Structures are given as structure tokens and as C-alpha cells.
1. Mind jotting down the three principal axis lengths of the range 121-277 based on Cα atoms? Whole angstrom, largest first.
2. Taking 0.36 nm per residue of sequence separation and subtracting the Cα-Cα distance, how much length would be gained by fully extending the chain between Lys264 and Thr343, in nm to one decimal?
3. For each pair in Lys135/Lys169; Lys256/Lys276; Lys215/Lys248, compute the distance between the two Cα atoms and list the pairs where it is over 21 Å.
4. So for the pair Glu86, Asp66, with labels modelled 7 Å out along Cα→Cβ, what separation do we get in nm?
5. My understanding is that a pair violates if its Cα-Cα distance is over 29 Å; which of Lys22/Lys111; Lys67/Lys137; Lys65/Lys90 do that in this structure?
6. Between Val306 and Lys22, what length in nm is gained on full extension when 0.36 nm per residue of separation is reduced by their alpha carbon distance?
7. Using alpha-carbon pairs under 8 Å, 6+ residues apart, how would you state the relative contact order of the range 214-357 in percent?
8. What is the Rg over Rh value, at two decimals, for the range 116-192, using alpha-carbon atoms and the Kirkwood definition of Rh?
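We did not get these values from a lab; they are worked out from the coordinates using the rules stated. No experiment lies behind these values; they were computed from the predicted model shown. No Cβ is skipped: glycine too gets one built from the backbone with ideal geometry, and neighbour counts run over all protein chains shown.
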Amino acid sequence: MNFSDLNIENKLKKSIELADFKVPTPIQSQSIPISLEGKDVLGTAQTGTGKTLAFTIPMINKLLKDKQAMALIICPTRELATQVMETVLKLNIREIGIGNALLIGGESMQKQLRQLNKRARIIVGTPGRINDHIKRKSLNLSKVNYLVLDETDRMLDMGFTPQIELILKFVPKKHQTLLFSATLPKNILKISQKYLNNPERVSVGSLSTPIEKIKQETFQITPDKKYHELINQLVERSGSILVFVKTKHGADKIVKRLKYDGHKADAIHGNLRQSKRDRVIRGFRNGNSRILVATDVAARGLDIPVIKHVINYDLPQVPEDYIHRIGRTGRAGKEGSAFTFLTNNDRNMWRSIQKLIDPDFKIKEEAKPNNQKGKKFNKKNKFKKKFSNNKFSKKKKFKSIEKKNNKRKFKNRKRPKNFRFKKNKRK
């Protein structure tokens, strides 16, 4: 199936052709026909499989047919919302000309108000900023009949459930909902039962297995030697590299060291303003910096085809984030590699990640006798008993008695016969 075979408006077919989208990915070929029929969709697929286009094409087609309708796309992060809007703008050519607004934190509120005042019918944003506009009464969702919850599992992990529920109170009950996610935990199923109306289930590939074309490697190391080995890996590898760390402070610290050692590197994390984030991502895309050091804020939504390698300098806090991290490479069917540092403190998390990827995974350990620890403890006790019966212990006992006798002697010794207390005579 090609995009030209879809039952969509000719204007949209032309914009798809101009954007150079030719052959649909599996998630697109399965979900788009269902969405065009007006049905709700619960879609799951690995990262980098084209979920964004899967809901963007039916959305624009619906808005072309109904000139009064609106669409709302809710994303967990600013980066993902920005990239979704970029896809929208590729399809929303001048001949289509549907008004749109990007509502994310860190951007000018005045700019967003100007976009909304131009009869924006496509709203893309994060839960916090969408709620801000609802409170200001600058955003009216009463005509929304096409709702998309993108990367829903991530939104729930980030604690956006109350904010999403607040937004949905302002959306009409009769609307089409598309829920897309890279993983499908139990809380997603609960939300789908609550907000989706008899959804069609669309699933492509394994939800927990990383893309097959990504070569995965691990390296056992001590924490103090991590940075030295990171330099070795950067020298050995060619192309752009995304390095994941745990903390914002850690990202800034590593970038500072890399720049000192002559590497072109930059950091992206939650403390940066949106304008700074955009500059960093733009610079990384354009090749101004070869290395991007990021926290998990970049684990989702970064669609940068140039990323050839992902290095997990630190393991993620949640096993599912490992899949999203390495999914930043190997995009759109290309090959990629993922390299992970493992220390002794990472054992439990790495086991959880392996179990997520392969539920049948079993840790191979050498069988140890159950009473091994008990034997060691008994030996220590025996040693103590033997030690207590030797000569050294007798000496200790003798010394303690001697001290006691000294004290007694000192207390009971008699004063000399001619000894007298000096008394101060009163004058």
C-alpha cells in the first residue's frame, strides 16, 4: 500500500508527496485506514516507527472535510510537541492552510496568544501549558472532535494524569480519540477503557523488544574509570553520538570535561530554557556538535535521524526508558548501535531491563550451598573459642587482676606515722 492509495483529500495527497513520504510504515498502514473511518485507535509500536504520521494524516483529512472542527494533540515533553508540530507543518502546506498553535512551556505566552487568535484549529502542546491557556480562557476546546494522546505511557510516568483529566473535561464527549504509546502498562489499559469508545487495537512488533537493527553492547567497569572509557568509545566511533546520564548536573559536568578534551559536545536537560533546548538540538542536527549529553528528558520524542550511536553512561531509573533511549538510533529502518556501561551498583536495574526485553530471561548463577555462610560463621566461633584458651588470653586475665590489686593496694596502704594534715590557722 502507498499513501496515494488512501481515501483522503487530493490536497493532502499532494502535500504527502511534496514531503517525500512514500511508503507507509506498518503502524501507519494499519492505523490510518481505521482512523479515516472515524474509529478510536489504541496503537502501540516501538519508537522510530512513524507513529506521528499515523495520526497526523487522518487529522488533517478530517479538518479539511469539516471546516469548523478542531484537533488537540497532547504530548509529554516540549521536544516531542515541537517535533509533532514540525510534521504537521510539512503536511499543512499553503493550499491546505489550517491555523495551528504550539502550546509549550518555556515559550513566549504572547506568541502563543497570537497563534490562538488566528483561529488555530490544530493545537499541539504539553499538559501544563494547555491548562494554563484554559485557565486564562484563551483556549476554547468546545469544538475539538479529534484528540490524540501521544506517548501516553510517558505522560503517566511524569505524573500528568490529573492535568490530562482536567483538559478532557473541556473536550466534547463526542470526539474521536487516538492513543499512541511505545509500551502498554496496566494504567494505559485503564485510561483506554475510560476515555476510548470501542477502540481498534493496533500493535506492531514487540512492545518491549528493541529494534532488531540496533547492535547492543555492554561494558563492565568501575565508576572511576567510566569517563576514560567514554573517551575511548568516542574516538573509536564515527558519526553523531547521544550520551545518556542520570542527572542534569552530571550532563553539564561531562560536557565541560569533553570540551576541555577537545570534543564538540553540548548538553540538554530540564533546566534549560526552551530557546536554549531548540538551539542545542538544531546544532546537533546540523553537525555543529557531534556529541549530545542528555538526561531522560531526551529519551522520548527526539527524532534525529543522524544519531548513529547511543551510549548509556548511566542506566535509566525505569527499565522501560532503556528501550526509549536506544530507540533514538536506528530510526526509520536504519542501523544503529547502543553501548551501555555497567557497574556493580547497576546489577538489579540491568536484570530488570533484561527481564523486560526477554520475560523468559533467567540469571545464571553458580549454585552455592545453602549452609556456606553458616560454616564461615561457625569457623569464626571456633577460632574465638581456641583463642580464648591460649596463653595470650591468660596474660590478659593476669593483667586485669594485677590492675585490680594495684588499686586495692593504693586504697588500703597505711599512712606514715609522722604524716599530718596541714590546717590553715585562723588569724
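1. Answer, in whole Å and largest first: 57, 39, 25 Å.
2. Numbers: separation 79, 0.36 × 79 = 28.44 nm, distance 2.68 nm.
Length difference between fully extended and current span is 25.8 nm.
3. Numbers: Lys135/Lys169 13 Å; Lys256/Lys276 17 Å; Lys215/Lys248 27 Å.
Distance filter (> 21 Å) returns Lys215/Lys248.
4. Going by the 7 Å Cα→Cβ label model, 3.0 nm.
5. Details: Lys22/Lys111 34 Å; Lys67/Lys137 22 Å; Lys65/Lys90 19 Å.
Over 29 Å Cα-Cα: Lys22/Lys111.
6. Numbers: separation 284, 0.36 × 284 = 102.24 nm, distance 2.01 nm.
This chain segment gains 100.2 nm when fully extended.
7. Working: 244 pairs, mean separation 48.3, N = 144.
That works out to 34 percent.
8. Working: Rg = 12.8 Å, Rh = 13.3 Å.
So for the range 116-192, dividing Rg by the Kirkwood Rh gives 0.96.
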